[in-house]
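Sharing a structure here in C-alpha cells format.
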Amino acid sequence: MRRRTCLILSILVALTFCSFENAAAEKNSRLHIVATLPDYAVLTKAIGGERITVDSIVHSVQDPHHIRPKPSFVQMVRDADVLISTGLDLEMWLPTVINKSGNKQVVSGEVGYVAVSQGIKLVEIPKVISQIEGDVHIFGNPHLNTSPINTKKIARNIAIGLIKNDPEGKDIYEENLKKLHDEMDMRMFGEELVKLLGGNTLCRLAQQNKLIEFLQQNKFQGKPLIDKLGGWMKKMLPLRGSPIIVYHKNWSYFIDLFGLEEAGSIETKPGIPPSLKHVTKLVNMMRKRDIRIILAANYFDEQKVRIVADRTGAKAVIVPLFVGGAPGIDDYFELVDYWTDGLIKAAEGS
C-alpha cells in the first residue's frame, strides 16, 4: 500500500513539475515587447495576443516629455526582444535607457526597434529651432495617438515589427490587425458608410479635410451621403469649426481631424508654464471671441486650467491622454469615446 501511495505521489510530483516546466517554456517562447507609451502597449497586445507579452515604460497619467530614466527602465529594455517607441523626439530620455541597457537588438535601425511614426504625416514642423520658442519638437508634433487614423498607422507599424521578429506569427498578427482596423473604421465613420465606401477611402478623405464636403455634395439612392455618417465623426459634427483652447499642443491631430480650431494655449510656449501676462491676454481674447471650451490632458496642473476656465466661464475638459488614464478606459476605443463625450458635454453645457 505504501509503495502504491509513494508511486502515485511520485507521478503527481512529476506531472506538476512538467506542467510548471511547460508553462515556463511557453512564457519564454513568447516575444517580449517593451513599449514607451501605454497606447502602444495596448495596441501591441491587441495585435500580438498570446504570442507576446508587453509592458509600458510610461504610466497612463505621466507626461512622456518629462520622464527621468530609472534602473527599472534599463532592466525592462535589457530584457526586451522588441522595443516600440514613437521614433521622434517625444521620449528624449529613451536613448539613455537603451545605451545603459546594452541591448543591441533594440537600438534604432535594428530589427528589434519599432518606430510607430513611420508613414505618418507630421504637422507643426518648425522652420527655426530656438529655445525662445519653448520645447520645440524638431521633427514635428509627436502626439500621434490623438488621431484614430494615425492610430491605425501606428498599429500597422507595430504589426510589421512583430512579423519581422516573429515570422511564424504573421497570419495571427495580420488577422488581429485587420480586426483592429475594421473596428476603428466602424467607430470613426459608422458601419453603414464604411460598408458603402470602405474604410481606406473614408480615412483618406478625412485626412485631406475633404470628407464632410464630399458627403454633403454626393448622394446614394437619392439621399445625401452625409445622412449615412456615423461614429465619432458624426458625434463631433456639432463642434466642427468651433474654436477651443488647449493647455499644451497635445491635440493638434485630433483638432485637425474633427475640424476644430485651436485658438490658443494656456502655456506661454510649448513646455513653458503660463505667465500672468500671457494668461491675461488669453482671457481677454477668449472673452472677446466667446470661446467656451478648454481641452487639457490630466497630467498637467489642473489648477492652472481651472483658473482660466473660471475667469472666462469656459468649460474645462480635462481628460487622460492615454489608455488607463481614468477608470473604465481599458482600450483605445474607450479613450476616444471619453474625449468626444467630454467635448460634446462641454459644448451642450456652455
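The values are calculated or read from the model by the stated rules, or taken from the named source; none is laboratory data. These numbers come from a predicted model, not from an experiment. Here Cβ is always computed from backbone atoms with ideal geometry, including for glycine, and neighbour counts include all displayed protein chains.
Kindly list the number of the only condition in (1) under 20 Å from D63 (Cβ atoms); (2) part of a loop (DSSP other than H, G, I, E, B) that fails for D330.
It fails just one condition, (1).
Is it the case that some residue within the range 85-101 is in contact with a helix residue (DSSP H, G or I) (Cβ under 9 Å, 6 or more places away or on another chain), touching a residue at least 60 places away in the same chain (Cβ under 8 Å) and either within 19 Å of P64 (Cβ to Cβ) or surrounded by fewer than 22 Cβ atoms within 10 Å (Cβ to Cβ) (or both)?
No - not one qualifying residue is present in the range 85-101.
Assess whether A80 counts as being surrounded by fewer than 22 Cβ atoms within 10 Å (Cβ to Cβ), under 24 Å from Y173 (Cβ atoms) and not charged (D, E, K, R).
No, not satisfied.
To continue, here is another question. Is it the case that the range 155-170 has a residue that's within 30 Å of K228 (Cα to Cα), of a type outside the set (K, R) and part of a helix (DSSP H, G or I)?
So far as the range 155-170 goes, yes, one or more of its residues are within 30 Å of K228 (Cα to Cα), of a type outside the set (K, R) and part of a helix (DSSP H, G or I).
Being surrounded by 19 or more Cβ atoms within 10 Å (Cβ to Cβ) and either in contact with a strand residue (DSSP E or B) (Cβ under 7 Å, 6 or more places away or on another chain) or within 17 Å of P238 (Cα to Cα) (or both) is the filter here; which residues of the range 321-339 pass it?
L321, V336, W339
Out of the range 32-54, which residues are assigned to a strand (DSSP E or B) and in contact with a Lys or Arg (Cβ under 8 Å, 6 or more places away or on another chain)?
I52, T53, V54
Name the single residue that is nearest to V323 (Cα to Cα) among those in the range 55-79 being hydrophobic (A, V, I, L, M, F, W, C) and part of a loop (DSSP other than H, G, I, E, B).
V61
Separate question: Count, please, the residues in the range 213-241 that happen to be of a type in the set (A, V, I, L, M) and closer than 13 Å to L196 by Cβ.
Total satisfying the criteria: 4.
Please find, among L276, L282, L295, the residue that is under 22 Å from the mean Cα position of the chain (by Cα), of a type in the set (A, V, I, L, M, F, W, C) and not assigned by TED's automatic domain parsing to the domain that holds I129.
Testing whether each residue is under 22 Å from the mean Cα position of the chain (by Cα), of a type in the set (A, V, I, L, M, F, W, C) and not assigned by TED's automatic domain parsing to the domain that holds I129 leaves just L295.
How many residues are touching a residue at least 60 places away in the same chain (Cβ under 8 Å) and surrounded by fewer than 19 Cβ atoms within 10 Å (Cβ to Cβ) when one looks only at the range 150-165?
Count: 1.
Can you pull out every residue in the range 254-284 that is more than 18 Å from F300 (Cβ to Cβ) and not hydrophobic (A, V, I, L, M, F, W, C)?
D256, G259, E261, K277, T280, K281, N284
Taking the range 261-305 as the search range and keeping residues that are touching a Gly at 6+ places or on another chain (Cβ under 6 Å) and aliphatic (A, V, I, L, M), which one is nearest to H137 (Cα to Cα)?
Taking the candidates together, the pick is I272.
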